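Report on one structure; see the data block that follows.
Readers should treat all values here as calculations from the given coordinates under stated rules, not as data from a laboratory. Computed from a predicted structure; not experimentally measured. A quick note on method: Cβ atoms are made from the backbone with ideal geometry, for glycine too, and the neighbour counts reach across all protein chains shown.
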Amino acid sequence: MLKTPLIEVTNKLNIKNGNKIFLKLESLNLSGSIKDRIVKYILDDGIKNNNINDNTTVVCASSGNTGISVAMNCALYGLKCIIITNPKCSEEKKNIMKAYGVDLRIKESNYEAEEKVIAKSIENSFQINQYDNILNSEAYVKTLGPEINNELDSVDYIVAAGSTGGTITGLAHYFKNILKLNTEIVLADPFGSELFNLKNNTDIKDSYKTIIEGAGKSKETEVMNLSLIDHTYKISDEESLDMCRKVAKFGYLLGGSSGLNICGSLKLIDELNLKNKNIVVICPDAGYRYLSKIYC
């Protein structure tokens, strides 16, 4: 696993009062996203426990990035692969998956459930099961958490989005329960997601359908633990995409969820009137995967 860069952007974002913002650029993983951390961890565990052999077909439901990582790793390991995604997945991400030679299937609704259906129909199959697989969050406890902790003397806040919940839950568990630090965890949630409501026991309804991929969910997954989250902020697509375009002018071409998380960090500073805090923002992937949706 490659160590990804942690870049300070405090001055570029005009952050005041001694606060510092650092971007964790996960697009520098081999397949181009944070999902390499979970996919390699899950596949290696499957191989170690003899659940995967040379004739196994790996099956994965994904909004895109996990699918790309599965496609790449299966190509590296010489494994057959079926990926199920939804129409929301960008054309760029679908084309990347196809380039690795996977069997890519598009399902209009409830695409996550199709993984189990397809896996059951194949005699020698292996499910990634990223929404319910505890190895998802465990991968971040073993990799991303220690990496961030070793890069900064103190980490006061970590800002991330939630979909499967693996990233934010794994990081929260590592900093709060393993290191016993006072690091606070911040969820940036797009309009159209129910995670804000679930965390805050509210019933704010909106008919908004976010175009941002890999962020937000209608329910808490088996992987996600909302009780470990300290703050939640609702961010609109307009805010997130404007932030992506702004940061691109600094030389960082980021995906929509990265813009979402950066906006979440700014709201955090403003609403809590923070001073002299180190804030790490998780940037899951790069903007080239969304040129037709964000930068066109």
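A 20 angstrom limit on the alpha carbon distance is what I want to check against. Which of LYS3/LYS234; LYS24/LYS219; LYS12/LYS93; LYS12/LYS267 exceed it?
LYS3/LYS234; LYS24/LYS219; LYS12/LYS93
Rounded to the nearest 500, what is the 222 nm mean residue ellipticity of the chain from helices alone, with -39500 (n - 2.57) per DSSP H run of 4+ residues and division by all residues?
-10500 deg cm²/dmol
How large is ³J(HN,Hα) for each residue in region 283-296, as worked out from phi by the Karplus curve 6.51 cos²θ - 1.76 cosθ + 1.60 (θ = phi - 60°), to whole Hz, x for Gly and Pro?
10, x, 7, 9, x, 5, 7, 9, 4, 6, 10, 10, 10, 7
What's the local net charge at GLY32, with K and R +1, D and E -1, over the other residues with C-beta under 11 Å away?
Overall, the nearby charge balance is -1.
Kindly rank 85-94, 271-280 from highest to lowest mean number of other beta carbons found within 10 Å of each residue.
85-94, 271-280
I'd like the Karplus ³J(HN,Hα) series for region 171-176: coefficients 6.51, -1.76, 1.60, θ = phi - 60°, whole numbers in Hz, and an x wherever there's a Gly or Pro.
In residue order, the calculated couplings are 5, 4, 4, 5, 6, 7 Hz.
Could you give the longest part of the chain that holds none of the chymotrypsin sites (Phe, Trp or Tyr not before Pro) found in DSSP loops with at most 16 neighbouring Cβ atoms within 10 Å?
That gives 1-207 as the longest site-free run.
Just round it to a whole percent: the fraction of Cα-Cα distances in the chain exceeding 34 Å.
16
Kirkwood hydrodynamic radius of region 1-55 from all distinct Cα pairs, in Å?
13.8
Which Cys residues of the chain have no other Cys Cβ less than 4.7 Å away and so no disulfide-compatible partner by this rule?
Flagged as lacking a Cys partner: CYS60, CYS89, CYS244, CYS263, CYS283, CYS296.
List the GluC sites (Glu not before Pro) within region 94-134 that fall in a DSSP loop (any state other than H, G, I, E or B) and whose Cβ has at most 10 other Cβ atoms within 10 Å.
GLU108, GLU123
Over the Cα atoms of region 36-127, what is the Rg over Rh ratio if Rh follows Kirkwood?
0.94
Helix 237-248: angle to the longest alpha-carbon principal axis of the chain, degrees 0 to 90, nearest 10?
Once rounded, the angle reads 80 degrees.
For region 79-211, build the charge dipole from Cβ charges (+1 Lys, Arg; -1 Asp, Glu) around the Cα centre, then report which of TYR131, ILE106, TYR208 sits farthest towards its positive end.
Positive-end residue among those listed: ILE106.
With N residues in region 160-292, what two-decimal value do you get for its Cα radius of gyration over 2.2 N^0.38 Å?
Ratio of Rg to 2.2 N^0.38 Å for region 160-292: 1.02.
Only bridges with both residues in the chain count here: give the DSSP antiparallel percent, nearest 5.
15
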